[in-house]
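A short write-up of the structure that comes next.
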Amino acid sequence: MIYACVPLVEQTLSPRPPLISISGISQSFELLFGIQDFLHLGQKNDTELNTKLNQLPDLLLQACPFGTLLDANLQNSLDSINFASVTHPQKQPAWKVGTYKGKPQVSISITEKVKSMQYDKQDIADTWQVVGAVTCKCDLEGIMPNVTISLSLPTNGSPLQDILVHPCVTSLDSAILTSSSIDAMDDSAFSGPYKFPFTPPLESFNLCYYTSQVPVPPILGFYQMKEEEIQVKITVNLKLHESVKNNFEFCEARIPFYNRGPITHVEYKVSFGQLEVFREKSLLIWIIGQKFPKSMEISLSGTVTFGAKSHEKQPFDEICIGGTAYLKLHFKILDYTLTGCYADQHSVQVFASGKPKISTHRKLISSDYYIWNSKAPAPITYGSLLLISHCFRDIHRLLYHP
């Protein structure tokens, strides 16, 4: 157990006196030792300790009213209180504006966003990272119902790191708090289960956020673009990793052409899906659809011709000048997470009246998933630092600007 006390010090501290001579500090130590003696002297089991912990708030009101220490021997105060006559009805907490009435149900949704920067270059390492969020909605009767949700990983799942939790979470395993992406991955990384006991608010809320370093990106690809006067030749190859669920709600690749005129002509060959041309926006959208073919590999090649550039209408970008260009992937996979993280309905514990209906959902969404032209310079991320900074930028935005 950890004992802590905050003393009020009103005397002058310059020059700095010995700590023991400051009355507030010496009284604080006296009170803490008194609490320690009360809790542990004569204690035989956890039941007795819990009983004393329940008595402690009333004892402190007697021994230290309004923060003024009268008697550090809490046993003396215990003798003057008849706990049998003291009843404490459960109070409505200030942060909970009402109570729920209706059919009990708990909904859990795990959303993972995967970021990637791919270059197809020997001297530049590709980077990728997963950012996850667990959203809950608990419709439960009672003033302070308690819920425990466990997140689990399969045997080959990627450990969760950088875990941030909602203030309603009441306790956490220290291994959850210390799992960090800054430390080098090793075999001892905590792989769950990740248990989150909490008292839920009435509204939907984000129970926790996490990051994870998965071994491979879900889609690996290369993009080559060569300039030839008013034309560019493009070649794209995309491959879905064999471990990824081949069932998309949608999947498409967007190929923008910045700082150029409108598209006047396109000649192309595509092995799968269909290509849409947005001439005025200087944009190609390769609609891949809901599944990759059995080979898990698809390709696109073609020649794009541009007209005269109009600065008012054509898209402009300060980075994508000349051959510096990218392809951006957009996709969503339902009932799937890249880490393998899931919430088992049978592991959810609810301490409230009635048996709630428990539903769980998962999805993987692409976010900032770039494949850069390997034939030209491109912005470089060093390791995963840039992705980590983006991750915590997103987490900060979600926490403070929901």
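The values are calculated or read from the model by the stated rules, or taken from the named source; none is laboratory data. This structure is a prediction, so every number in the text was calculated from the model and none was measured. Note that each Cβ is placed from the backbone with ideal geometry, even for glycine, and that neighbours are counted across all protein chains shown. These accessible areas exclude ligands, DNA and RNA; they are computed on the full protein's heavy atoms, side chains included. Shrake-Rupley method; radii C 1.70, N 1.55, O 1.52, S 1.80 Å.
Figures for the structure shown
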{"item": "Positions within segment 131-154 being crowded, with 16+ Cβ neighbours inside 10 Å and in a loop (DSSP other than H, G, I, E, B), in sequence order", "result": "140, 145, 153"}
{"item": "Output for segment 283-305, where each listed residue is more than 38 Å from the chain's Cα centre (by Cα) and over 16 Å from residue 373 (Cβ atoms)", "result": "305"}
{"item": "Qualifying residue in segment 26-34 (condition: at pLDDT 85 or above, in contact with a strand residue (DSSP E or B) (Cβ under 9 Å, 6 or more places away or on another chain) and of a type in the set (D, E, K, R))", "result": "no"}
{"item": "Segment 70-124, residues that are of a type in the set (A, V, I, L, M, F, W, C), at pLDDT 85 or above and open to solvent by 80 Å² or more (accessible area, probe 1.4 Å)", "result": "70"}
{"item": "Scan of segment 7-28 for residues that are open to solvent by 90 Å² or more (accessible area, probe 1.4 Å) and either touching a residue at least 24 places away in the same chain (Cβ under 8 Å) or under 18 Å from residue 62 (Cα atoms) (or both), ordered by number", "result": "8"}
{"item": "Test: residue 359 is within 30 Å of residue 212 (Cβ to Cβ), assigned to a strand (DSSP E or B), out of contact with any Cys (no Cβ under 6 Å at 6 or more places or on another chain) and open to solvent by 20 Å² or more (accessible area, probe 1.4 Å)", "result": "yes"}
{"item": "In segment 267-282, residue least open to solvent (accessible area, probe 1.4 Å) [restricted to those that are out of contact with any strand residue (DSSP E or B) (no Cβ under 6 Å at 6 or more places or on another chain) and more than 15 Å from residue 330 (Cβ to Cβ)]", "result": "280"}
{"item": "Looking only at segment 362-380, and only at residues there that are open to solvent by 20 Å² or more (accessible area, probe 1.4 Å) and in contact with a Gly (Cβ under 9 Å, 6 or more places away or on another chain), the one that is farthest from residue 101 (Cα to Cα)", "result": "375"}
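Residues are listed down the side, and each one gets a yes or a no for (1) at pLDDT below 90; (2) under 17 Å from residue 135 (Cβ atoms); (3) within 13 Å of the chain's Cα centre (by Cα):
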| position | (1), (2), (3) |
| --- | --- |
| 152 | no, no, no |
| 157 | yes, no, no |
| 175 | yes, no, no |
| 180 | yes, no, yes |
| 183 | yes, no, no |
| 191 | yes, no, no |
| 196 | no, yes, no |
